[in-house]
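Undergrad: Structure in structure tokens, see below.
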Amino acid sequence: MPPFHPRLADLPGEIAVFPLSGALLLPQGRLPLNIFEPRYLAMTMDSLANGRMFGMVQADARAPKSATGPGLYRTGCLGRLSSFSETDDGRLLITLTGVARFRIAEELPLAPGGYRRVRADYAGFQADLAVEEGDAPPGVDRTELLDALRPYFRARGIEANWDAVEQTADNMLVTTLSMVCPFEVPEKQALLEAPDPGERARMLVALMRMGAAANAPSSEGRPS
């Protein structure tokens with residue numbers, strides 16, 4: 001097991017959460033964050049002093065607002081602060097490494113610093129803590145994934161380092177693409193909630209194919 005990789009018994013029952021729609025964190029993924037709001041500066045400093053972990057969640061437009069803020073999706077991902085630096089203008093630049101998904105069992109009162117806290121339930125997500133040793137998790141069809149990726153990036157105008165893509169292990173490729181591709185909030189949430197890497201890969205392929213088709217240049221009005 002890599003250094004600093006937590007065990008199930010190490011995961012905190014009460015965690016701070018950072019509601020940020022469109023920002024997806026998955027287990028073993030790395031999410032860079034630029035922290036500047038006072039409440040999230042307080043959250044980051046408190047997390048550094050107490051276990052170095054907090055959760056990422058997305059706001060759910062369909063859920064009613066609560067006294068603490070917008071309604072949230074009930075599933076998020078706990079992350080560990082794996083890098084941290086200060087800027088001269090008072091911001092914090094951090095990297096959050098995904099640890100395990102959780103469900104929000106209960107929302108707690110706001111912390112003194114003004115950020116939101118929840119009671120986290122990790123039941124059913126123990127497999128998130130397993131670090132993949134192999135290159136091909138079950139159900140991930142790399143050829144199908146790359147065949148969907150190239151037209152999607154082309155349609156979206158996204159440049160890629162294809163040598164780096166080719167060298168990335170299957171599980172990390174699925175994780176990274178799920179996190180960085182500009183999908184809609186409900187689509188990112190569906191990727192987060194996928195039961196396993198194989199299902200996530202199949203969902204990712206479907207989303208990229210739909211995205212490529214929706215963004216393909218129209219042939220209407222062109223000479224035949």
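Undergrad: Just for helices (runs of 4 or more DSSP H) wholly inside the stretch 118-212: which have at least 1 residues that are within 17 Å of the chain's Cα centre (by Cα) and under 17 Å from Pro27 (Cβ atoms)?
TA: 170-180, 185-193
Undergrad: Give me the residue from the stretch 45-81 that is more than 24 Å from Thr175 (Cα to Cα) and polar (S, T, N, Q) and, out of that set, surrounded by the most Cβ atoms within 10 Å (Cβ to Cβ).
TA: Going through the qualifying residues, I end up with Ser47.
The rows are residues; the columns are (1) under 18 Å from the mean Cα position of the chain (by Cα); (2) of a type in the set (Lys, Arg); (3) at negative phi; (4) outside the structural domain of Pro109 (by TED's automatic domain parsing).
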{"residue": "Leu25", "(1), (2), (3), (4)": "yes, no, yes, no"}
{"residue": "Arg30", "(1), (2), (3), (4)": "yes, yes, yes, no"}
{"residue": "Arg39", "(1), (2), (3), (4)": "no, yes, yes, no"}
{"residue": "Leu48", "(1), (2), (3), (4)": "no, no, yes, no"}
{"residue": "Met53", "(1), (2), (3), (4)": "yes, no, yes, no"}
{"residue": "Leu78", "(1), (2), (3), (4)": "yes, no, yes, no"}
{"residue": "Gly98", "(1), (2), (3), (4)": "yes, no, yes, no"}
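Undergrad: For the stretch 154-181: of the residues being touching a residue at least 60 places away in the same chain (Cβ under 8 Å) and in contact with a helix residue (DSSP H, G or I) (Cβ under 7 Å, 6 or more places away or on another chain), which is surrounded by the fewest Cβ atoms within 10 Å (Cβ to Cβ)?
TA: In this case the residue turns out to be Ala155.
Undergrad: Another question, if that's okay. Residues in the stretch 48-59: is at least one out of contact with any strand residue (DSSP E or B) (no Cβ under 6 Å at 6 or more places or on another chain) and either in a strand (DSSP E or B) or under 22 Å from Pro195 (Cα atoms) (or both)?
TA: Yes, some residue in the stretch 48-59 is out of contact with any strand residue (DSSP E or B) (no Cβ under 6 Å at 6 or more places or on another chain) and either in a strand (DSSP E or B) or under 22 Å from Pro195 (Cα atoms) (or both).
Undergrad: Give the residues of the stretch 61-87 that are without any contact (Cβ under 8 Å) to a residue 40 or more places away in the chain and in contact with a Gly (Cβ under 7 Å, 6 or more places away or on another chain), sorted by residue number.
TA: Ala63, Pro64, Lys65
Undergrad: Something else about it: Need the failing condition index for Pro32 against (1) in contact with a helix residue (DSSP H, G or I) (Cβ under 9 Å, 6 or more places away or on another chain); (2) surrounded by fewer than 20 Cβ atoms within 10 Å (Cβ to Cβ); (3) at pLDDT 95 or above, just the number.
TA: (1)
The values are calculated or read from the model by the stated rules, or taken from the named source; none is laboratory data. This one's a predicted model, so the numbers in the text were calculated from it and none came from an experiment. In this analysis, Cβ positions are derived from the backbone assuming ideal geometry, glycine residues included, and neighbour counts consider all displayed protein chains.
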